[in-house]
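**Student:** My questions will all concern the structure given below.
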Amino acid sequence: MQPKDFEACIGLADALCLQGKLGEAAKHFEMARAQQPKHSGAHLGLAKVRKSQDRLDEAAQAGRQALALDPNHDTAYINLANTYLLLGQLRDAVQTLQQALALTLVF
């Protein structure tokens with residue numbers, strides 16, 4: 001099945017992730033990204049898949065793209081920080097987690 005609707009692509013990609021079909025999920029996140037390149041959800045979904053596939057540089061790139069589009073997305077910060085940890089980039093991981101924490105602080 002090749003859904004053309006953005007939400008259908010995201011939904012199918014999420015379902016494929018749950019089934020462990022990461023390659024197929026990535027394809028649908030890419031389709032969603034092509035349909036709506038300014039939607040952070042498609043980038044974040046792809047980042048999570050790439051991290052699970054141990055394609056960490058691609059995961060970090062997709063994570064940074066998600067945050068560039070939605071700098072208030074706390075889950076994207078946490079996912080990116082975890083990717084940085086796996087890459088051994090401790091300084092970047094700490095900085096990214098500090099940014100996530102700053103989002104949650106209420107004064």
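Rule-based calculations on the coordinates, nothing more; no lab input. Nothing here was measured: the structure is a model prediction, and the numbers come from that model. Neighbour counts are summed over all protein chains in view; Cβ atoms, including those assigned to glycine, are modelled from backbone coordinates with ideal geometry.
**Student:** Subtract the Cα-Cα distance of Ala34 and Leu85 from 0.36 nm times their separation in residues, and report this length gain in nm to one decimal. Please list the in-between numbers first.
**Tutor:** Working: separation 51, 0.36 × 51 = 18.36 nm, distance 2.85 nm.
Computed gain between Ala34 and Leu85 is 15.5 nm.
**Student:** Okay, next question. For every other residue with a beta carbon closer than 14 angstrom to the beta carbon of Ala81, add +1 if it is Lys or Arg and -1 if Asp or Glu, then tell me the sum.
**Tutor:** Details: positive: Lys48, Lys51, Arg64, Arg91; negative: Asp74, Asp92.
Counting the neighbours of Ala81, the net charge comes to +2.
**Student:** Now for a separate question. Apply the Karplus curve 6.51 cos²θ - 1.76 cosθ + 1.60, θ = phi - 60°, to the phi angles in the stretch 21-37 and return the couplings in whole Hz, x for Gly and Pro.
**Tutor:** So the Karplus estimates, Gly and Pro as x, are 9, 5, x, 5, 4, 4, 4, 6, 5, 5, 4, 5, 5, 5, 6, 9, x Hz.
**Student:** Here's a follow-up. Can you list the lysines whose alpha carbon sits under 24 Å from that of Lys51, skipping same-chain ones fewer than 8 residues off?
**Tutor:** Excluding near neighbours in sequence, the set is Lys21, Lys27, Lys38.
**Student:** Using 0.36 nm times the number of residues separating Ala102 and Thr75, minus their current alpha carbon distance, what extension gain do you get? Present the calculation step by step, with values, prior to reporting the outcome.
**Tutor:** On the way: separation 27, 0.36 × 27 = 9.72 nm, distance 1.29 nm.
Extra length available between Ala102 and Thr75 comes to 8.4 nm.
**Student:** Note down the nm distance, to one decimal, between modelled labels 7 Å out along Cα→Cβ at Asp57 and at Leu18.
**Tutor:** Simple spin-label model gives 3.4 nm for this pair.
**Student:** When the Cα centres of the stretch 70-107 and the stretch 23-47 are compared, how far apart do they sit, in Å?
**Tutor:** Taking the Cα centre of each part, the stretch 70-107 and the stretch 23-47 sit 20 Å apart.
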